[in-house]
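Reviewing the structure listed below.
Rule-based calculations on the coordinates, nothing more; no lab input. Nothing here was measured: the structure is a model prediction, and the numbers come from that model. Here the Cβ positions follow ideal geometry from the backbone for every residue, glycine too, while neighbour counts run over all protein chains shown.
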Amino acid sequence: MLRGIRGAITVSADSEQEIAAATREMLTQIVARNHTATSDIAAATFSLTSDLCAAFPAAAARALGWTQVPMLCHQELPVPDSLPRCIRVLVLWNTDKVQDQIQHVYLRDATRLRPDWAGRPQD
């Protein structure tokens, strides 16, 4: 089966270092909480709010070893009053787990986006 894992994290500034570090933190948590093997990841799509443009999150994923994973980066719609400086990801994952076993990862101020998913404990 193909399942989706959602994640989001905020950064304090639009810099290559901040975007890379936050992306690594978010992806590391996604992999750890879901016991995900990189070889089982079908694809990942990243989005950044319009106030972030200093780096591609996919570059940070490649640095983590996601070299065979197809990835795409794009900009979020600039919806008024939306959460600023936010990086989001949708990881498509080949797994036998059912949807309620998936642990989505919302970190820092991004916990506001899905408080129901943000507080789930790690296995």
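Side notes on the structure shown:
- Within-13-Å neighbourhood charge of D40 [Cβ basis; K, R +1; D, E -1]: +1
- P(r) for region 2-113, from all Cα pairs and a bin width of 10 Å, is 15, 51, 29, 5 %, short bins first.
- Distant-in-sequence amide contacts of Y106, defined by a placed amide H-H separation under 5 Å and a gap of 5 or more residues or a different chain, comprise A8.
- Against the main long axis of the alpha-carbon atoms of the chain, helix 16-34 sits at an angle near 20°.
- Subtracting the Cα-Cα distance of A21 and S82 from their residue separation scaled by 0.36 nm leaves 19.7 nm.
- Beta bridges assigned by DSSP with both partners in the chain are antiparallel in approximately 70 percent of cases.
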